[in-house]
Structure formats: structure tokens, C-alpha cells
Amino acid sequence: MLKKTGFALVLAGLLAAPLPAVADAIGDNNICYEKFATADYKGAIRYCTSAIDSGELSDPDLIAALINRGVAYKTTEQYELAIGDYTRALRLAPKDALLYQNRANALRAMGDYDAALNDIQKSIDLDPKSAGAWYVRGAIAEDRGDPGGARKYYMTALSLEPENEVYRGKILGNGSQ
């Protein structure tokens, strides 16, 4: 039988003790995404904010966190905060069509149709094959009282993603935004 010294007992105790949970920016960012993916938008906002505020994220991870938090803000009708996140992300990725699309959609939801139209056109210019951008372009036209234009843009979105039920519903007149 081995005799344990005081140091060995302390070391063994430390090794056997559960490790404290270490919150890091990447972990918070991953949890943010999980919360977002399960429609827990308040949780997503909390974890994204923790990751963003840490200052430890690489630019691609920071952009992802800003997008996820922006979408969560938009979903919870905090449009100005969503627009702020998309604008911050665009400073890091000025050629990202999805960021312009997301910001356009938030601007549209706030009723700022001119700014939304400007952003969605930038998105389409950067990625003309983005069905989502054409859909948002259609929603802007619809909100502005242009059903013919809206239908044309929804048709473009549907032609790019023919299996999309939301786009199909817009064309058939029974869809929602």
C-alpha cells in the first residue's frame, strides 16, 4: 500500500474535482447558434451578445454572431438593433450579399422602403442568383402597393428555388411573409 503525502492528496483532490465551466467566445457563439436554430431568440441574443462583447471572435465568427443576433433581433421586432448588427457586420464584409439582404428585410419591416430597396439592389448585384434576395425585393414591392412588381420578383425567387413552398405560396396568393 502506498502512503499518500499531503501534496499528493491535494493534487488527487484537484484532479478528481469537477472542472468549472469555462465560458469562451466560441462556446457562446456555438450556443447562440443552437438557441437560434431552436427558435429561442432571447437565448440566442444573450449568448451572441456574450460572444460579441468578449472581443475574442475572429472576423468570420464575429460576422456569424452578428448575423444570428441580427436575425433574432428582427424576429423579436427589435429592428433598429438588427440593422445595427447588420451594419457592423457589413463593415467587416462589405461584399456579403446576405448581409445586405438581411438589412433590407429589417429596413422593410420598419417601413424604410427607400433604404430597403437600396440594400436589396446591392444584394442582388452581388448575388443575382439569391432567391432570398428576390423574395425580399418582392416583399418591398408588395409593401409599396405594387402587386405586379411583387409577383415578378416572387416569380424570379421561385424560378431559382422551385421547391420553396413560401415562394410558391406567394405566387398562388396564399403565402405569408
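The values are calculated or read from the model by the stated rules, or taken from the named source; none is laboratory data. Because the structure is predicted, anything quoted here is derived from the model rather than measured. As a convention, Cβ positions derive from the backbone with ideal geometry for all residues, glycine included, and neighbour counts pool all protein chains shown.
General observations
- Any hit, region 82-100, residues being of a type in the set (S, T, N, Q) and crowded, with 19+ Cβ neighbours inside 10 Å: no
- Checklist (1) assigned to a helix (DSSP H, G or I); (2) closer than 29 Å to Asp112 by Cα; (3) at pLDDT 90 or above applied to Asp28, failing item: (2)
- Test: Ala133 is outside the structural domain of Lys42 (by TED's automatic domain parsing), small (Gly, Ala, Ser) and either farther than 25 Å from Ser58 by Cβ or in contact with a helix residue (DSSP H, G or I) (Cβ under 6 Å, 6 or more places away or on another chain) (or both): yes
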